[in-house]
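Below you'll find the structure, written out as structure tokens, and then a few comments.
The values are calculated or read from the model by the stated rules, or taken from the named source; none is laboratory data. From a predicted model like this one, the values you see are computed outputs, not experimental measurements. Here the Cβ positions follow ideal geometry from the backbone for every residue, glycine too, while neighbour counts run over all protein chains shown.
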Amino acid sequence: MARHLITSAIPYINGIKHLGNLIGSQLPADLYARYQRARGHEVLFLCATDEHGTPAELAAAKAGKPVAEYCAEMHDIQAQIADGFRLSFDHFGRSSSPQNHKLTQAFAGRLADVGLIKEVTEEQVYSVADGRFLPDRYIEGTCPNCGFESARGDQCDNCTKQLDPTDLINPHSTISGATDLEVRETKHLYLRQSELKNDLAAWIDSKKDWPILTTSIAKKWLTDGDGLQDRGITRDLDWGIPVKKGDADWPGMEGKVFYVWFDAPIEYIACAQEWEDAGKGTDWERWWRTDKGADDVRYTQFMGKDNVPFHTLSFPATIMGTNEPWKLVDYIKSFNYLNYDGGQFSTSRGRGVFMDQALEILPPDYWRWWLLSHAPESSDAEFTWENFQTDVNKDLADVLGNFVSRITKFCRSKFGEIVPAGGSYGPAEEQLIADLTTRLRAYEGFMDGIEVRKAAAELRAIWVLGNEYLQANAPWTTFKTDPETAAMQVRLALNLIRIYAVLSAPFIPDAAAEMIAAMQTQDKDWPTDIAVAVAALPAGQSFTVPDNLFRKITDEEREEWEERFAGTRD
RNA sequence: GGCGCGGUAGCUCAGUUGGUUAGAGCGAUCGACUCAUAAUCGAUAGGUCGGGAGUUCAAGUCUCCCCCACGCCA
């Protein structure tokens with residue numbers, strides 16, 4: 001039995017994510033976690049909310065709530081939606097947890113001890129009225145390039161130019177509107193990533209099996225321009241993890257917090273501790289410390305391509321820099337973007353489907369199947385309602401759902417709701433078992449390699465084999481002259497339902513559970529040996545005819561949703 | 001402007017280290033079947049592989065130039 005540590009990129013606390021975010025990390029991570037569990041491996045699957053930084057503070061202010069309260073509420077909402085999509089996290093943690101506070105401070109302290117932290121004095125805009133510095137989005141003014149009046153401290157939303165707060169004309173605080181701003185010196189900590197450049201490069205080079213998308217992005221950051229740059233890991237903010245050197249105060253850093261990108265990945269580790277502290281497991285270090293049992297763990301991360309630099313460089317630098325035996329990632333699966341009907345998903349314009357809305361209109365399996373079978377692995381992928389409708393109707397309702405329906409109903413009418421006895425295999429059955437075995441091995445190969453689209457295509461082909469078998473052997477015709485053989489054919493087909501349930505569960509867990517329940521079995525074992533698995537449901541076992549597993553999406557619904565989610569064009 | 005990922009049948013996508021008639025699913029057309037959610041199964045038709053030049057006995061697959069889309073950065 002192998003051990004798999006699996007993490008999904010942690011979604012930012014601010015707002016509900018869209019389907020592109022879902023397929024970019026959490027959903028494929030869940031697929032992989034469910035698959036590895038089904039194969040009998042030990043899995044720790046972790047995710048969390050990323051709660052620090054200015055966007056959280058601003059969103060809380062807009063909602064008129066203290067930021068801690070806002071984050072707690074949003075965490076619950078995201079947890080609920082994740083549950084709605086059946087994301088099977090062993091723990092859904094929070095980067096604001098006490099565990100992450102301690103661990104982040106410990107990492108910083110350790111990095112300082114080994115000389116990988118430097119202090120840098122820089123100039124920042126300070127608001128006298130607010131009594132604080134105004135980083136990034138806390139300051140607005142007129143853009144010096146295009147004259148846009150609401151340009152932010154870090155970027156102009158009109159001309160997209162990157163800005164420094166000190167560039168702005170007539171700057172003011174977005175908190176109070178105050179204009180009595182001055183430039184003050186402030187001290188910040190930098191992680192000396194550049195010191196680790198060679199180690200990182202060697203490590204990346206050793207990962208021959210990583211997706212091109214992952215390594216090409218990492219290498220670009222390593223070699224582009226002057227190479228990997230040292231990175232500021234602190235901010236003049238209130239909301240965040242206070243800067244401390246382990247348990248000790250950090251002279252000169254009073255009132256400052258760690259930058260969100262420093263503490264967020266450390267939450268992957270802290271989350272395991274939260275998992276244990278929540279009573280869901282024991283000995284979290286067994287997953288994260290190679291000196292405490294984690295040397296046989298295979299660690300796989302899932303993320304969108306925008307997160308790759310942090311996971312291939314900054315976070316590994318944090319870990320490698322400590323010289324402590326923390327587990328490094330073994331495989332990074334990164335995804336491109338999902339486009340919505342020829343454009344991008346857009347939160348501000350309400351364009352595209354968001355996770356809560358998706359669950360309002362259809363059950364999770366519909367979305368899981370379509371998104372996973374169209375995962376943006378090799379390039380950006382495209383969501384269109386027409387595609388969604390035809391694919392879901394065909395694959396789920398016609399190929400799989402109807403298969404279950406046709407065989408259970410046929411059996412009920414001829415033999416009753418009992419797996420019928422009698423008859424013996426002929427060449428057709430041997431051939432079916434051989435074909436299923438071939439395809440199952442291929443399916444396992446794609447799932448092990450996290451080739452999501454190919455795995456979905458193979459699974460679908462496995463479903464089709466059942467329909468082909470019924471069509472070619474026509475038990476409804478056989479029954480008229482040879483009821484014994486018809487009974488054998490039906491018994492075999494009923495067993496396919498159980499097998500399909502087990503194989504399909506990582507993609508469509510709800511439908512799989514219904515199929516298992518209808519077959520009235522507890523046997524969810526992986527059908528490693530198909531010849532054995534096709535006899536798992538013995539003659540005489542009762543079953544029930546389930547309701548249709550999937551309904552079809554109508555043209556009217558498709559048109560309605562197309563309009564509803566089109567958003568406002570600019 | 002620099003860089004990155006792409007541009008393959010109507011649609012969504014596969015195509016290992018260059019090698020016989022370029023593949024799948026959907027959609028379309030035709031046929032079979034009637035157990036089933038007007039479902040299923042089979043067959044057929046669709047591509048000068050973005051454009052051009054080059055290397056080679058041989059290029060979708062390598063090199064160069066150009067065009068288009070998306071993204072990142074300055």
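Restricting the search to the stretch A:35-61, which residues are of a type in the set (Phe, Trp, Tyr) and in contact (Cβ under 8 Å) with a residue 60 or more places away in the chain?
Hit for the stretch A:35-61 is A:Tyr35, nothing else.
Which helices (runs of 4 or more DSSP H) sit wholly inside the stretch A:451-529 and have at least 1 residues that are without any contact (Cβ under 8 Å) to a residue 12 or more places away in the chain and farther than 20 Å from A:Leu372 by Cβ?
Passing ranges, in order: A:452-473, A:475-481.
Listed here are the residues, each with its yes/no results for (1) farther than 15 Å from A:Gly423 by Cα; (2) away from RNA strand B (no atom under 13 Å from the Cβ); (3) aromatic (Phe, Trp, Tyr).
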site	(1), (2), (3)
A:Leu492	no, yes, no
A:Ala518	yes, no, no
A:Asp555	yes, no, no
A:Glu560	yes, yes, no
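Looking only at residues in the stretch A:26-76 that are within 17 Å of A:Ser97 (Cβ to Cβ) and hydroxyl-bearing (Ser, Thr, Tyr), which one is surrounded by the most Cβ atoms within 10 Å (Cβ to Cβ)?
Ranking the candidates gives A:Thr49 first.
Name the residues in the stretch A:350-374 that are within 29 Å of A:His311 (Cβ to Cβ), more than 18 Å from the chain's Cα centre (by Cα) and in a loop (DSSP other than H, G, I, E, B), would you?
Hit for the stretch A:350-374 is A:Gly352, nothing else.
Across the stretch A:408-450, what is the number of residues that are buried (at least 17 other Cβ atoms within 10 Å of the Cβ) and among the acidic types (Asp, Glu)?
Number satisfying all stated conditions: 2.
Within the stretch A:270-290, how many residues are charged (D, E, K, R) and in a helix (DSSP H, G or I)?
So the count comes out to 5.
Kindly indicate whether A:Lys219 is within 16 Å of RNA strand B (Cβ to nearest atom), out of contact with any Gly (no Cβ under 9 Å at 6 or more places or on another chain) and outside any helix (DSSP H, G or I). It would help to see each step written out before you state the result.
Numbers: within 16 Å of RNA strand B (Cβ to nearest atom): yes; out of contact with any Gly (no Cβ under 9 Å at 6 or more places or on another chain): yes; outside any helix (DSSP H, G or I): no.
Against the criterion (within 16 Å of RNA strand B (Cβ to nearest atom), out of contact with any Gly (no Cβ under 9 Å at 6 or more places or on another chain) and outside any helix (DSSP H, G or I)), A:Lys219 does not qualify.
State yes or no: is A:Glu377 touching a residue at least 60 places away in the same chain (Cβ under 8 Å), within 12 Å of RNA strand B (Cβ to nearest atom) and not in a helix (DSSP H, G or I)?
Yes.
Just give me the residues in the stretch A:291-311 being assigned to a helix (DSSP H, G or I) and either in contact with a His (Cβ under 7 Å, 6 or more places away or on another chain) or of a type outside the set (D, E, K, R) (or both), in sequence order.
From the stretch A:291-311, those assigned to a helix (DSSP H, G or I) are A:291-292, A:294-296, A:305-311; that's our starting set.
Within the stretch A:291-311, A:Ala294, A:Asn307, A:Val308, A:Pro309, A:Phe310, A:His311 meet the criteria.
I'd like the residue in the stretch A:154-190 that is surrounded by 16 or more Cβ atoms within 10 Å (Cβ to Cβ) and within 14 Å of RNA strand B (Cβ to nearest atom) and, out of all such residues, is modelled with the lowest pLDDT.
It comes out as A:Cys156.
Does any residue in the stretch A:536-556 that is on the phi > 0 side of the Ramachandran plot come within less than 7 Å, Cβ to Cβ, of a residue that is within 9 Å of RNA strand B (Cβ to nearest atom) and part of a loop (DSSP other than H, G, I, E, B) six or more places away or on a different chain, and which pairs are these?
The qualifying pairs do not exist here.
Filter the stretch A:337-349 for residues that are touching a residue at least 12 places away in the same chain (Cβ under 8 Å) and not in a loop (DSSP other than H, G, I, E, B); which is surrounded by the most Cβ atoms within 10 Å (Cβ to Cβ)?
A:Leu338
In the set A:Gly246, A:Gly255, A:Gly240, which member is in contact with a Gly (Cβ under 9 Å, 6 or more places away or on another chain) and surrounded by fewer than 21 Cβ atoms within 10 Å (Cβ to Cβ)?
After ruling out the rest, the residue left standing is A:Gly246.
Of these, A:Leu371, A:Leu440, A:Leu396, A:Leu436, which one is in contact (Cβ under 8 Å) with a residue 40 or more places away in the chain and near RNA strand B (Cβ under 8 Å from one of its atoms)?
Exactly one of A:Leu371, A:Leu440, A:Leu396, A:Leu436 is in contact (Cβ under 8 Å) with a residue 40 or more places away in the chain and near RNA strand B (Cβ under 8 Å from one of its atoms), namely A:Leu396.
Have a look at A:Lys256, A:Lys245 and point out the one that is touching a strand residue (DSSP E or B) at 6+ places or on another chain (Cβ under 6 Å) and away from RNA strand B (no atom under 16 Å from the Cβ).
The unique qualifying residue is A:Lys256.
Which of the residues that make up the stretch A:353-366 are farther than 21 Å from A:Arg453 by Cβ and within 13 Å of RNA strand B (Cβ to nearest atom)?
Of everything in the stretch A:353-366, just one residue is farther than 21 Å from A:Arg453 by Cβ and within 13 Å of RNA strand B (Cβ to nearest atom), namely A:Pro363.
From the list A:Gly141, A:Gly131, A:Gly232, exactly one residue is at pLDDT 70 or above, in contact with a His (Cβ under 6 Å, 6 or more places away or on another chain) and either among the acidic types (Asp, Glu) or under 28 Å from A:Val67 (Cα atoms) (or both). Which is it? Show your work before the answer.
Working: A:Gly141 fails: in contact with a His (Cβ under 6 Å, 6 or more places away or on another chain); A:Gly131 fails: in contact with a His (Cβ under 6 Å, 6 or more places away or on another chain).
Unique residue meeting the criteria: A:Gly232.
Restricting to the stretch A:456-479, name every residue that is within 9 Å of RNA strand B (Cβ to nearest atom) and among the charged types (D, E, K, R).
A:Arg460, A:Glu468 - these are the residues of the stretch A:456-479 that are within 9 Å of RNA strand B (Cβ to nearest atom) and among the charged types (D, E, K, R).
Within the stretch A:263-286, does at least one residue satisfy the condition of being more than 29 Å from the chain's Cα centre (by Cα) and either more than 16 Å from RNA strand B (Cβ to nearest atom) or not acidic (Asp, Glu) (or both)? Break it down into steps so the answer makes sense when it comes.
Here is the first cut: in the stretch A:263-286, the residues more than 29 Å from the chain's Cα centre (by Cα) are none.
Looking through the stretch A:263-286, none of the residues is more than 29 Å from the chain's Cα centre (by Cα) and either more than 16 Å from RNA strand B (Cβ to nearest atom) or not acidic (Asp, Glu) (or both).
Do we have A:Thr223 as under 21 Å from A:Gly321 (Cα atoms), at pLDDT below 90 and among the β-branched types (Val, Ile, Thr) here? Steps first, please.
Numbers: under 21 Å from A:Gly321 (Cα atoms): yes; at pLDDT below 90: yes; among the β-branched types (Val, Ile, Thr): yes.
The answer is yes for A:Thr223.
Give the residues of the stretch A:112-127 that are polar (S, T, N, Q) and surrounded by 19 or more Cβ atoms within 10 Å (Cβ to Cβ), sorted by residue number.
A:Gln124, A:Ser127
Here are A:Ser334, A:Ser314: which of them is buried (at least 17 other Cβ atoms within 10 Å of the Cβ), at pLDDT below 90, within 16 Å of RNA strand B (Cβ to nearest atom) and part of a strand (DSSP E or B)? Outline the logic, then answer.
Working: A:Ser314 fails: part of a strand (DSSP E or B).
The conditions single out A:Ser334.
Please state which one of A:Thr384, A:Thr390, A:Thr347 is hydroxyl-bearing (Ser, Thr, Tyr) and more than 9 Å from RNA strand B (Cβ to nearest atom).
A:Thr347
Name the one entry in A:Asp547, A:Asp523, A:Asp529 that is farther than 30 Å from A:Thr347 by Cβ, within 13 Å of RNA strand B (Cβ to nearest atom) and not aromatic (Phe, Trp, Tyr). Outline the logic, then answer.
Values: A:Asp523 fails: within 13 Å of RNA strand B (Cβ to nearest atom); A:Asp529 fails: within 13 Å of RNA strand B (Cβ to nearest atom).
Being farther than 30 Å from A:Thr347 by Cβ, within 13 Å of RNA strand B (Cβ to nearest atom) and not aromatic (Phe, Trp, Tyr) holds for just one of A:Asp547, A:Asp523, A:Asp529, which is A:Asp547.
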